[in-house]
Amino acid sequence: MKVLILGSGGREHALAWAVKRSERVTEVVCAPGNGGIAQIARCVAVDLKDLDAMVRLAEAEQPGLTIVGPELPLSLGIVDALRERGLRVFGPTRDAARLESSKGFAKQFMKRNQIPTGNYAVCTSSAEFEKAIEFFHPPIVVKADGLAAGKGVIICASRNTAIEAAHGLFSGALLGAAEQQVVIEEFLEGEEISFLCLTDGKHVAPLAPAQDHKRIGEGDTGPNTGGMGVYSTDAMLDPGMTEWVLRHIAEPTVRAMAEEGTPFTGVLYCGLMMTARGPEVLEYNARFGDPETQAILLRLESDLMDALEACVDGRLAETELRWSHGASACVVASSSGYPGSYKTGFPISGLGAAAHVPGVEIFHSGTARLGSQLVTAGGRVLGVTATGDSLDEALARAYEALVKIQFEGIYYRRDIGHRALGRKP
Ligand SMILES: Nc1ncnc2c1ncn2[C@@H]1O[C@H](COP(=O)(O)OP(=O)(O)O)[C@@H](O)[C@H]1O
Ligand SMILES: [Mg+2]
């Protein structure tokens, strides 16, 4: 079977790597892909903002399955468009993807379906916001309603800064485009866990849990990024807690989406805060996370294609996911300056030696090929990922590989997994 993957980051590299291991997969096409993905798949240029272009590509390629990586094509309706043309596609429809593409929708959905989440208000004007803010105590979380690539969440120390943030979002001064809705949220405290599940619209199968590191600096300091590293262990969520999250969060979400006439299939990513009241949903994503997917798929022992096809065909209940015990970790190597401005085009060396470290897989996030030379092409450049019998071993392997890799301005956090290990950053 030919598989088409839409996207260009480390997540898509990991997906391509995992589906290629399936005996049924004869060819992987990735659009647009990157320099690393090009080593294992045929990369074809496409603009992920252009729905028609993606549809034309899929019609020309006639893949047996299309896997949608990022959120933007989902929110544009790529799944609806491909299904209408009789093409099999893994991911939610545009209406179902509103769980991610509208934070206001997600909050109201959780409220009406008794899914645990913090207090909130959805506001459609600055005047409404100024009334609602009276009922929240600092710190206050202010969120843009729509997709904002990690730039739409502002944690405010006072009501006045929250009002300023809301003005900035409504006027367009903050994100470029004016927001129609702004969400106020109660600030939740605790450990964050990424709880991803596969779903066929009825049945839910959890993936190995993961914890992301969003901030650029060691000790979780500095600005937010797309994610600087992630780890996954069995111990981070015990079986009782996994069961609780399934019964009270993941399964009710899938059931309610079906009951409301917008059945959700694909990956349901529940971003959880483990609060003193119990797990509460911070947000949903409607797709695999990046870099969570790199660490999670390294622990998957069963065939990913079987599971993805079972989701598309509505028979996930018959499919079993098997995971390796122990742990995995992914450390992201980024360009100097990221998440601010940075330069690209620097040659990358040492990847061959790094890949020889046992248990290591290197997934490319932002690389390109310049003749025979691999060069940096993004803020996040590589996701050096490793498995181990313990988290310590997985991290040691990832860092052993990282010291062998060079490019100008290479930066990575040396404290990935520090909270799980009880290490001081
Ligand atoms: N209600 C909240 N309380 C505390 N922290 C929050 C809250 N909402 C979001 N955050 C923090 O901000 C990050 C980004 O928020 P999130 O809702 O996941 O938006 P996005 O991923 O779309 O930028 C979260 O991972 C979390 O660290
Ligand atoms: Mg998030």
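Rule-based calculations on the coordinates, nothing more; no lab input. Predicted, not measured: the structure shown is a model, and the values here were computed from it. Cβ placement follows ideal geometry from the backbone for every residue including glycine, while neighbour counts extend to all protein chains displayed.
So here's what we get for this one:
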item: Kirkwood hydrodynamic radius over Cα pairs of the range 191-318, then Stokes diffusion coefficient at 37 °C and 0.692 mPa s, in µm²/s; result: 215
item: The range 191-318, relative contact order [Cα under 8 Å, separation at least 6], %; result: 34
item: Given LYS49/LYS107; LYS49/LYS343; LYS49/LYS151; LYS111/LYS143, the pairs whose alpha carbons are separated by over 20 Å; result: LYS49/LYS107; LYS49/LYS343
item: Calculated Rg and Dmax of the range 125-180 using C-alpha coordinates, Å; result: 10.5, 29
item: Candidate aspartates and glutamates - alpha carbon under 16 Å from LYS404, same-chain residues fewer than 8 apart omitted; result: GLU361
item: Neighbour-count order for ILE133, ILE362, fewest beta carbons within 10 angstrom listed first; result: ILE133, ILE362
item: Stokes-Einstein translational diffusion, the range 22-106 - Kirkwood Rh over all Cα pairs, 0.692 mPa s, 37 °C, in µm²/s; result: 241
item: Cross-link reach list, lysines versus LYS2, counting only Cα pairs under 21 Å and skipping chain neighbours closer than eight places; result: LYS20
item: Neighbour-limited loop hits for GluC sites (Glu not before Pro), the range 1-56 (at most 14 other Cβ within 10 Å; DSSP other than H, G, I, E, B); result: GLU23
item: Segments 301-308, 283-290 sorted - mean Cβ within 10 Å per residue, highest first; result: 283-290, 301-308
item: Taking all pairs of distinct alpha-carbon atoms in the chain, Kirkwood radius in angstrom; result: 21.9
item: Estimated [θ] at 222 nm from DSSP helical runs (n ≥ 4, -39500 (n - 2.57)) normalised by residues in the chain, nearest 500; result: -8000 deg cm²/dmol
